[in-house]
Structure formats: C-alpha cells, structure tokens
Amino acid sequence: MNDGAGAIGGLIAIAIILYIIYLIVVYIILPILAIILGIGLIILGSIVLAGLASGVYVGIVNFINVLIEAHKRLP
Amino acid sequence: MKLYEPQPAHLTYAYDGGWQVMRYVWQNVYTETDKAARYWFNLAKDSERKARRSDNIVSKYWLWSIVIGCAIAGVLQYISAFAIVSLFVVLQFLFLVAWITASSLFVAFLAFGNFLYGAYYKIFFRCPDCHEQMPIPVYVCPECAAEHTRLWPSVYGVFKHRCTCNRSDLPTLDSLGRNKLTQLCATCKAPMNEQVGRLTNIHIPVIGGPLAGKSNYIFMATNQFIDIYAANRKLEVTFPDEKHWQFYQDNISKFQSGRELTKTPDIVPQAYNLSVKKPGNRVGHIVYIYDAAGEAYADEHSAIQQTYYKYVHGLIFVIDPFAINLYQRQHETEIEELKDKIRPSGLEVMDAYERMLAVLESSVGLKRGKKFPHPIAVVVSKIDALDLDNQIGYLAAERILEKIPLIRFKEDAVSLLVEQFLIDNQLGNLVRDLHLQFSEVKFFACSALGRIPDGENPVPFEPVGILEPMLWLLDRVGVIDLQTERVKLIDNDHQIMARQRKNLFSMARFYYWDSLKPRSWRVTNL
C-alpha cells in the first residue's frame, strides 16, 4: 500500500510538471515566438510595400521623363 | 499616276512619331528602373552579410526577413515599370490605331468628295503650256522651294503637311489656302496660275491657215467681251495668269495705235486663260483659248502635235476669204494691189479643215459621218476689204432683216449670207461636211481691225462683228447664257406687238398663241 501511494504521487507530480511546461510553452514561449516571427513578417511586408511604392513612383516619374524625351526627339 | 509618293514632309504622329515614341519608351524606361532595383538588391546583400555573421537567432531571422523583403522590392521595381510601360504601350497602340482609322476614313471621305466635286463641275488640272492633264500639280514650299507632288490629305497630314524644312505648314485643301501656293505642271514644271484646277474647264482652239486673222480675232474679241459684254452684265472676267494679262495689254495697245499683231510663231501654242464667273455662280469657268500658228495645219505632223484637241469643247474656224480659190481668181487684180496690207493666207481652206478633222479623229476619235457633239463657229475674217461687208457683213444683214421679218437677229442673217457665200465660192462641200460632222454650226463674218491696216495710220482699230462668234460659242458651251437673252428680247418684241392689239382678248391671243406658232423659212434667194 505505501508503494501504490508513492506511484500515484509521482504521476501527479509529473502531471503537474507537464501542465506547468504546457502553460509555459503555450502562454510564454509560443507568444514570444509568434511575436518574434510576426515582427519578422512585418519587417518583410513593410520592405515589400516600400519597394512597391518606390517602384511605382520611380516607374511613373521615369516613364514621364522618357516619354517627354521621346517626344523631344521627334522631328 | 501613283497615289502615294514619298514627300518632303513629315509623316503624321499616327504613322511615324507615335510608333517611334512607343519604341523609345520601351527601350529606355528600364535604365532608371535598373538603378532603383540595384539599390534594393544592394540593401539585400548588406543585410545578408549581416545575417550570416549574426550569432543571435532572432537577429538572424529578422535580418533574413530584410534580405527577402529587399529582394522582393527589387523585383517589384521591374514589375511596376513593366506594368506601367505595358499599359502605356497598349493604350498608345489603341490610340494610334484609332487615329489611323479615323484619319484614313476622313482622307477617303475628302478624296471622294473632291472627286465628286471635280467630276460634277468638270474641273481638271490641265497645263496651258504642255496641255497635259494631271490629278494634282506640284506645289512649292514658300520657304525652301521643296516640291510637294501629292499635297492632298494623306499620311503626311489631313489638313496640312509639315515641310521637312520645318518652317512651313502647307495646307492640303484649297479652302485652307492651298490654291495660294505656287503650283507647277507635274509634266513640264511650268508655273500654272491659281485658277487652273479650280474652275470648270472650257477649251476652245482657234483654227485657220497662216495669216487668216486668228490672233487679231482672239484679242479683239476678248477685248470686246470684257469691255462691252461682261461689263454690262456684271460678269467677272479676269486673266488669272499675269503673263497672259501683260501680253493681252501689249496687243491691245498695238491695236489702239493702229498697229497689227506680228505673226504667231508657235506651232504648239500656249493656251491663254480667261476666267469668267457669272454673278451667283458657285464655280466659274476657265477658258483655254489656243492660238496655234497657221503652219500647225499646213502639214499632218504639225497638226497631230495639237494634243489639246482631246479636251475641246468648241471650235472657232477662221476663213480668210482671200484664201478661197474661186474668190481669189475672181478678184485677182484687187487682191494683188492690196496683197501687202490684207496678207492673204497661203493655206487653202479645205486643207486647213481636213487637217483639223484629222486632229479631231486622232485626239477624240471623231468618225467621218458621225456628228461631233461640240459646236463650231465658222468665221470669215477680213470683211473690211473688197466690199465684203456689203456682201456678207452687217450691212448686208440689215437688208435681209427687212426682206425676211422672221429673222430677228443680225447674226442669224449673217449666218445665212456667209453660208451662201461659201457655197457660191465652190465651198459647198465644206458647208455640207460641216453640217454633217458637227452637231452645231453657225457662220459669222467679221473684221477684227475694222479697216485695211495701214502701217502709217495711228487711228485705233474698231472691229466689226467680232463679238458674235465668241458669244455664240461661249453660250453653246455654257459659259454665258446668250440664249436666255435672245428669248427675252423676242419676248419683249412679242409684248410690244401684243400691246398694239385692240383689246385684251386679242392681246392675250397674240401673246400666248400666235407668237408661239413654229415658223420655218427656207431662204433660196438672198
């Protein structure tokens, strides 16, 4: 009977430890990871949007300049 | 003639410039795009180096995010530029195609309209010098003298062509001022006056042997037409060519100082242009009068060179009475005495007539026995000599009018007299052939000078009967409306005669019935 009570106690301890690990992973580690990954994606997304905006701007300005130059070259 | 020929002008934007712009933009827009993309790729490379060096996994991840973001941004530079340029190319293409379609339709519409206008009014570009016809003359740029051979709505412009000298825009339509440009004949490059190709063409050759009096007739008749006929009827008669006007003035000055004209030298003459416009008419007439030297009809080779016959609308055939064989023999002594002054023509009448028919056969396909649809005025000249005025001139005509009241007008009486005169002088064949070959024939007698010319007498010449042949011919070809004037004169006479009746009924009966009865008269003894 003392052996059985000891085993149960051990299982309960393991369960508690696993639960704590679960809590730590789910509520601490995963959010931190998500935040880190999210920041990375935001950085990527921002740079892509900035690139797109600059690409459109440069494209339009460049196009207008080349168009004007093309017309100036006409006889 | 080819419809299209390269011109010293710039093609319109839709046919040239627009496509060049498209090509240039496509080829050159990526230069700046490269620079922008390289900026982002360099940024990516720097971040990549930092990412590789970094030991911190979070920094490493963030730096790789930057690398990927910059790489995508660099690619997006090209994609953005490509999208903008592609959109431009598509829109420009559609725009140019629409422009080409619209301008082509407009050009076709204007060309067809111009063709119909020319066909309806019978307007042609015919060179007064070489007598060639052309669809369009050569126009000369007023700035650089470049010759534009197809100055009409085309790929070089619908309303104007920009000359390659870049200093002038040449209008393509007369309504926009094209008629004010210098125009040259496309064949012989002789300058043509601005009325050529703008008015209904009327071509009248004056035919006769050497020294028959053709030139004297033409200039005196023109003078009387302008000063007497046109002035009283508000016709606008002008010489569109400055040279012709000067030549005409010089000749009239000679006549006014009692001097004859010198003999015409040109076998193939330049045409004199006279522009005639009736009040209220939209389009006037440009009359081409051809005064070839009498030698042109002396042999077949010279006669065939009269290429302008293919355009002929009416003819004036001048007969020197002193070239008629029988008349010559009968008045040999008198003619010999006055030979130097009356200058008899050396070419027999029938020879000149036969040559004229030969030219008509070769030019317009006249067939012997088939009537030529155009009128011919047969004019016996020099009636101031040897009392011819008393035989066939207006003095004799007055006697006929008294004798035959049905003949209303002197020129009708003269026509009968002249016809009889020719028959009596063994030219009956000529008269019969004229009636056989020509749908309308009328005979006239005139004296261009009014008296036998004397080199020492400075008194101006006063012609007799000079205007009637020209007026009759111009009426027959539609330049003036002499017939209506004659009808009005007859109507006036009938009204006067009607008013002499006793009562209203007999007035009305005479005016509306008796006066309209057809009358015929055969004159056997004039």
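General remarks:
- Scanning segment B:49-63 for residues that are part of a helix (DSSP H, G or I) and open to solvent by 90 Å² or more (accessible area, probe 1.4 Å) returns B:R49, B:K50, B:R52, B:R53, B:I57.
- Any hit, segment A:15-32, residues being at pLDDT below 95, under 17 Å from the mean Cα position of the chain (by Cα) and within 10 Å of chain B (Cβ to nearest Cβ): yes
- B:A221 satisfies every condition listed in (1) out of contact with any strand residue (DSSP E or B) (no Cβ under 7 Å at 6 or more places or on another chain); (2) among the small types (G, A, S); (3) modelled with pLDDT under 90 except (3).
- For the residues B:M470, B:M507, the requirement of being part of a helix (DSSP H, G or I) and closer than 25 Å to B:H203 by Cβ singles out B:M470.
- Near pairs, Cβ below 8 angstrom, 6+ apart or cross-chain, from segment B:350-363 (closer than 15 Å to B:I376 by Cα) to any residue that is basic (K, R) and open to solvent by 30 Å² or more (accessible area, probe 1.4 Å): B:L357/B:R368
- Segment B:187-200 - residue that is within 16 Å of B:Y272 (Cβ to Cβ) and in a strand (DSSP E or B) and, of those, farthest from the chain's Cα centre (by Cα): B:P191
- Answer from A:L52, A:L30 - the residue that is loosely packed, with under 14 Cβ neighbours inside 10 Å and either out of contact with any Cys (no Cβ under 6 Å at 6 or more places or on another chain) or farther than 25 Å from B:Y61 by Cβ (or both): A:L30
- The strands (runs of 3 or more DSSP E) located wholly in segment B:87-182 that include 1 or more residues which are open to solvent by 50 Å² or more (accessible area, probe 1.4 Å) occupy B:160-162, B:169-171.
- Among the residues examined, B:K517 qualifies as farther than 28 Å from B:L338 by Cα, open to solvent by 50 Å² or more (accessible area, probe 1.4 Å) and basic (K, R).
- Residue ID - farthest from the chain's Cα centre (by Cα), chosen from residues in segment B:20-48 that are more than 11 Å from chain A (Cβ to nearest Cβ) and open to solvent by 70 Å² or more (accessible area, probe 1.4 Å): B:K45
- B:V414 meets all of the listed conditions (1) in contact (Cβ under 8 Å) with a residue 60 or more places away in the chain; (2) open to solvent by less than 30 Å² (accessible area, probe 1.4 Å); (3) in contact with a Gly (Cβ under 8 Å, 6 or more places away or on another chain) but one, namely (1).
- Residue list for segment B:415-446, restricted to those being part of a helix (DSSP H, G or I) and among the charged types (D, E, K, R): B:E419, B:D424, B:R432, B:D433
- The residue that is nearest to the chain's Cα centre (by Cα), counting only those in segment B:59-102 that are touching a residue at least 60 places away in the same chain (Cβ under 8 Å) and more than 9 Å from chain A (Cβ to nearest Cβ), is B:I100.
- Matching residues, segment A:58-70, being loosely packed, with under 13 Cβ neighbours inside 10 Å and within 7 Å of another protein chain (Cβ to nearest Cβ): none
- Where a residue in segment A:37-56 is facing chain B (nearest Cβ under 7 Å) and its partner, wherever it lies, is in a helix (DSSP H, G or I) and exposed (fewer than 14 other Cβ atoms within 10 Å of the Cβ), with Cβ under 6 Å and at least six apart: none
- For the condition open to solvent by 50 Å² or more (accessible area, probe 1.4 Å), outside any helix (DSSP H, G or I) and of a type in the set (A, V, I, L, M), B:L261 does not qualify.
- Among the residues of segment B:359-383, those identified as open to solvent by 30 Å² or more (accessible area, probe 1.4 Å) and modelled with pLDDT under 85 are B:E361, B:S362, B:S363, B:V364, B:G365, B:K367, B:R368, B:G369, B:K370.
- Filter result for the condition that a residue is open to solvent by less than 30 Å² (accessible area, probe 1.4 Å) and either more than 18 Å from A:N62 (Cβ to Cβ) or assigned to a helix (DSSP H, G or I) (or both), over B:A81, B:A71: B:A81
- In segment B:4-19, the residues that are part of a loop (DSSP other than H, G, I, E, B) and open to solvent by 60 Å² or more (accessible area, probe 1.4 Å): B:Y4, B:P6, B:L11
- Test for B:H203: is it part of a loop (DSSP other than H, G, I, E, B) and open to solvent by less than 10 Å² (accessible area, probe 1.4 Å): no
- Of the residues making up segment B:224-258, those that are assigned to a helix (DSSP H, G or I), open to solvent by less than 30 Å² (accessible area, probe 1.4 Å) and out of contact with any strand residue (DSSP E or B) (no Cβ under 8 Å at 6 or more places or on another chain) are B:Y229, B:N251, B:I252, B:F255.
- Residue in segment B:408-424 that is more than 30 Å from B:L211 (Cβ to Cβ) and modelled with pLDDT under 90 present: yes
- Looking only at residues of segment B:206-223 that are closer than 15 Å to B:Y248 by Cβ and among the small types (G, A, S), we find that the one that is least open to solvent (accessible area, probe 1.4 Å) is B:A221.
The values are calculated or read from the model by the stated rules, or taken from the named source; none is laboratory data. Note that the structure is predicted; figures quoted are calculated from it, not measured. Here the Cβ is made from the backbone with ideal geometry for all residues, glycine too, and neighbour counts use every protein chain on show. Surface areas here come from the heavy atoms of the whole protein model, side chains and all, with no ligands, DNA or RNA. Shrake-Rupley method; radii C 1.70, N 1.55, O 1.52, S 1.80 Å.
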